[in-house]
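Comments concern the structure below.
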Amino acid sequence: MAYQSFKEYIDALDEAGELIRVNEPVATELEITELADRQMKSPGGGKALLFEKPTINGEVSPFPVAINTMGSWKRMAMSLRADSVDAVAKELGALMKAKPPTSMRETMKLLGTAMDLRHAKPKSVKSGPCKEVIHKVERSESSVESWPAAPDWISPSTLNPQPSTLLNLPILKCWPLDGGRFITLPCVVTRDPDTGDRNLGMYRMQVYDGQSTGMHWQLQKVAARHGRRYYEKGERMPVAVFLGGDPVFPFAATAPLPDGLDEFLLAGYLRKKSVELVKCETNDLEVPANADFVIEGYVDPVEPLRDEGPFGDHTGYYTLPEPYPVFHITAITHRIDAIYPATIVGIPPMEDFYMGGASVKLFLPIFQMNFPEIVDIALPAEGVFHNLVFVSIKKTYPMQAYKIMHGLWGMGQMMFSKYIVVVDDDVNVHNTSEVLFRLCANTDPQRDSIFTKGPSDVLDHATSEIASGSKLGIDATKKMPGEGFKRPWPPLIKMDAAVKAKVEKLFNP
């Protein structure tokens, strides 16, 4: 059954022994990051943390901060209400490969799948817990640059006569050189002005003042494409941001879905229950009714871009200031018992490794539909998502590894992959040591490498130009005739199976 609230998920983590409650006051400025980073770098991702008394400039916030809530394979599976991420991937893979039934048994199985899919489509509702407290934000001419000593939240179901700002939320300053405080788990809702298609993405938001933030949607992102159309039309772009609710939402927001496919469909399928959406107070966008916080606003196409950053990023380095659109806030609503969800990124391993790894597992069947020879894909933590990709294939013809490299570079966010290493199907790509052994043993650097050019992650500080760079593919598979290899290929050293069985019986009775 789907989680009805983020608090319900936090309680489930607590019951499972996956949560550490921190009762002492801890500063949202750097201190929460230091404690969270220690957990994320612990074996297996450590534990989730709930800071019950986070402080803003020394004053305790009424809203707890939860962090590292998906930073292990167990917690990632719990967020999906599953026994394991692999089990969800298997179920989704079976759906992708579904064929017309040829027997009553197959018919019943397909009907069962159809029953699951009935939950995928989101449905609109009139109201929800995210509107238990409503603040209409009054626009001020001057920016509020300092964080207030105490929050100014009001009683439920009324409008605040005084301006309410972002400065009331326990938003983190993550790293020492960060340009300010950043909302790090925002689920950002935008809409294509031409087609009406909705997109749910995740783009960090630097708080400029109480009523505005940066909106760091990179130029290849769907929301950026939506923004360009509003800029061309000269129309104000409505934007809605929500935090919390079902933990499946941030996962869906970061999932590599094709442009135009509603992420709330994926969320509904994964949670086995339709996502209930409620209309915003100040624009026509819809957000989950069970969200903890909703921040409504707009981007103005006539307004100049503003520098955003620096920010300690998932690359392990700071991304330096670059101009991005400004998000102006028109309303903030929230649950009475809201919990503020956060994450941090930095030198791996971090929480995002498990979220990215889960996406790879779930969407592997889609890759395999395009490239049936693919056995498995892994994105090692050291590669900070797409910098390094390991792929195993069942090789049947010469140059097949290069086909896979070029194919992957042409698929969605895989275009950002700097290094792709292709190995044979007997290699466990999730064992980095095993892949590196084959890389070193099975390649001649000049013969088995290929350089090409393409789009790069705008966060990559190593490229000579922003968003443009080179890529390296390495064929670490066993070479075939026709691939420039003229010598016999030696067998891999393996012990005789009968001897292994005998020794196993002798020493492990």
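The values are calculated or read from the model by the stated rules, or taken from the named source; none is laboratory data. Remember, predicted model here, so these are calculated numbers, not experimental data. Counting neighbours? That spans all protein chains shown, and the Cβs are built from the backbone with ideal geometry, glycine included.
Yes or no: I344 modelled with pLDDT of 95 or more, touching an Asp or Glu at 6+ places or on another chain (Cβ under 9 Å) and closer than 21 Å to N68 by Cβ?
Yes; evaluated as a whole, the condition is true for this residue.
Quick one: N387 ticks every box in (1) outside the structural domain of A291 (by TED's automatic domain parsing); (2) surrounded by 21 or more Cβ atoms within 10 Å (Cβ to Cβ) bar one, so which box is it?
(2)
Looking only at the stretch 287-306, count how many residues are within 16 Å of R198 (Cα to Cα) and surrounded by fewer than 22 Cβ atoms within 10 Å (Cβ to Cβ).
Going through the stretch 287-306 one residue at a time, the tally reaches 1.
Just give me the residues in the stretch 445-463 being free of Cβ contacts under 8 Å to residues at least 24 places away in the same chain and in contact with a strand residue (DSSP E or B) (Cβ under 9 Å, 6 or more places away or on another chain), in sequence order.
P445, F451, K453, A462, T463
Within the stretch 1-28, which residues are of a type in the set (D, E) and surrounded by 19 or more Cβ atoms within 10 Å (Cβ to Cβ)?
E18
Tell me the strands (runs of 3 or more DSSP E) entirely within the stretch 181-298 that contain at least 1 residues that are touching a Pro at 6+ places or on another chain (Cβ under 7 Å), closer than 30 Å to E31 by Cβ and at pLDDT 90 or above.
Strands (runs of 3 or more DSSP E) meeting the threshold: 187-191, 205-209, 237-243.
If you go through the stretch 309-335 one residue at a time, how many are closer than 25 Å to K418 by Cα and assigned to a strand (DSSP E or B)?
7
Select from the stretch 469-509 the residues that are in contact with a helix residue (DSSP H, G or I) (Cβ under 9 Å, 6 or more places away or on another chain), hydrophobic (A, V, I, L, M, F, W, C) and not in a loop (DSSP other than H, G, I, E, B) and list them in ascending order.
Answer for the stretch 469-509, where residues must be in contact with a helix residue (DSSP H, G or I) (Cβ under 9 Å, 6 or more places away or on another chain), hydrophobic (A, V, I, L, M, F, W, C) and not in a loop (DSSP other than H, G, I, E, B): just I474.
Considering only the stretch 126-146, state which residues are surrounded by 13 or more Cβ atoms within 10 Å (Cβ to Cβ) and either modelled with pLDDT of 80 or more or in a helix (DSSP H, G or I) (or both).
G128, P129, C130, K131, E132, V133, I134, H135, K136, V137
State whether the residues of the stretch 432-449 include one that is at pLDDT 90 or above, part of a strand (DSSP E or B) and farther than 27 Å from P365 by Cβ.
Yes, the stretch 432-449 has at least one match.
Could you figure out which of (1) over 19 Å from V241 (Cβ atoms); (2) in contact (Cβ under 8 Å) with a residue 60 or more places away in the chain isn't true of V360?
Result: V360 fails condition (2) only.
Which ones in the stretch 336-370 are under 26 Å from L30 (Cα atoms), out of contact with any Leu (no Cβ under 8 Å at 6 or more places or on another chain) and assigned to a loop (DSSP other than H, G, I, E, B)?
The answer is D337, A338, V345, G346, I347, P348, P349, M350.
Among the residues that make up the stretch 49-65, is at least one of them closer than 23 Å to T254 by Cβ, outside the structural domain of L169 (by TED's automatic domain parsing) and of a type in the set (V, I, T)?
Yes: one or more hits.
Would you point out the residue of the stretch 393-431, among those that are of a type in the set (D, E) and in a loop (DSSP other than H, G, I, E, B), that is nearest to D259 (Cα to Cα)?
Looking at the filtered set, the residue picked out is D425.
Filter the stretch 450-468 for residues that are more than 24 Å from R487 (Cβ to Cβ), touching a helix residue (DSSP H, G or I) at 6+ places or on another chain (Cβ under 9 Å) and either of a type in the set (G, A, S) or outside any loop (DSSP other than H, G, I, E, B) (or both) and give the result.
T452, G454, P455, S456
For a quick check of your reading of the model, give me the residue pairs whose first member lies in the stretch 169-185 and is more than 20 Å from T69 (Cβ to Cβ) and in the same structural domain as M205 (by TED's automatic domain parsing), whose second is buried (at least 20 other Cβ atoms within 10 Å of the Cβ) and among the β-branched types (V, I, T), with beta-carbon atoms closer than 6 Å and at least 6 apart or on different chains.
Listed by first residue and then by second, the contacts come to G180/V207.
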